[in-house]
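K.L.:
One structure coming up, written as structure tokens, with questions to follow.
Rule-based calculations on the coordinates, nothing more; no lab input. In this text, all values refer to a predicted model and were calculated from it rather than measured experimentally. Heads up, the Cβs are rebuilt from the backbone with ideal geometry, glycines too, and the neighbour counts pull from every protein chain shown.
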Amino acid sequence: MYIPREFKLFNQTIKVVYSRTLMDKEGFFAKWDYNKNKVILQQSTRKRPLTKEQIEGNLIHEATHAFLNMIGHDELSQDEVFVSSLSGLIHQFIMQVH
Ligand SMILES: [Zn+2]
């Protein structure tokens, strides 16, 4: 799967940026920043490099948060169980069709 530097949802451009300190600072490997329209991904730590599939899964997870915000379902976007289930299924689907 291709990880873009940015993607469009409706008329909004979402940037994909990388951090080396997200896990240390916030405790997770990826983040959807709603206010800045960007997805932040961390690719590795000194102790733990992430696999390509994990990074792809994280992008799809954060994009799923963005999808839900874009269609006006902010409450669903905050439901991590819902987002994880749906994004896992989207990831499985994309791996079969790309
Ligand atoms: Zn999430």
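K.L.:
What's the magnitude of the charge dipole for the chain around its Cα centre, counting Lys and Arg as +1 and Asp and Glu as -1 at the beta-carbon? Answer in Debye, nearest 20.
P.N.:
About 580 debye.
K.L.:
Continuing with this model, one more query. Report the rotationally averaged projected area of region 6-97 based on its alpha-carbon convex hull, in square nanometres.
P.N.:
Result: 6.2 nm².
K.L.:
When the helix-only estimate is applied to the chain (DSSP H runs of n ≥ 4, each -39,500 (n - 2.57), divided by the residue count), what is the mean residue ellipticity at 222 nm, nearest 500 deg cm²/dmol?
P.N.:
Only helices count here, giving -14500 deg cm²/dmol.
K.L.:
Fewest first, what order do PHE10, PHE28 take by the number of other Cβ atoms within 10 Å?
P.N.:
PHE10, PHE28
K.L.:
Using each residue's phi in region 65-79, evaluate 6.51 cos²θ - 1.76 cosθ + 1.60 at θ = phi - 60° and report the 3J(HN,Hα) Karplus result to the nearest Hz, with x for Gly and Pro.
P.N.:
4, 4, 3, 5, 5, 5, 9, x, 10, 4, 5, 5, 4, 8, 8
K.L.:
Run the numbers on the chain and let me know its relative contact order in percent, using alpha-carbon pairs under 8 Å that are six or more apart.
P.N.:
22 percent
K.L.:
Using each residue's phi in region 30-43, evaluate 6.51 cos²θ - 1.76 cosθ + 1.60 at θ = phi - 60° and report the 3J(HN,Hα) Karplus result to the nearest Hz, with x for Gly and Pro.
P.N.:
7, 8, 9, 9, 4, 6, 9, 6, 9, 9, 10, 10, 10, 8
K.L.:
For a Förster distance of 22 Å, can you work out the FRET efficiency between the beta-carbons of GLU6 and GLU53, rounded to the nearest 0.05?
P.N.:
The computed FRET efficiency comes out at 0.55.
K.L.:
Another question about this same structure. Restricting to bridges with both residues inside the chain, how much of the DSSP beta-bridge set is antiparallel, in percent to the nearest 5?
P.N.:
70 percent
K.L.:
Further, regarding this structure: Can you pull a Stokes-Einstein diffusion coefficient for region 32-78 at 10 °C (1.306 mPa s), Rh from Kirkwood over Cα pairs, as a whole number of µm²/s?
P.N.:
Once the numbers are plugged in, D ends up at 137 µm²/s.
K.L.:
Only counting other Cβ atoms within 10 Å, I'd like HIS65, HIS98 sorted with the fewest neighbours first.
P.N.:
HIS98, HIS65
K.L.:
Hey, another quick one. To the nearest 0.05, what FRET efficiency results for LYS36 and HIS98 with a Förster distance of 22 Å applied to their C-beta separation?
P.N.:
Approximately 0.20, to the nearest 0.05.
K.L.:
Give me the extension gain from ASP24 to LEU89: residue separation times 0.36 nm, minus the current Cα-Cα distance, reported in nm with one decimal.
P.N.:
Going from the current span to full extension adds 20.6 nm.
K.L.:
Using Cα-Cα distances under 8 Å and only pairs 6 or more residues apart, what relative contact order does region 18-62 have, in percent?
P.N.:
37 percent
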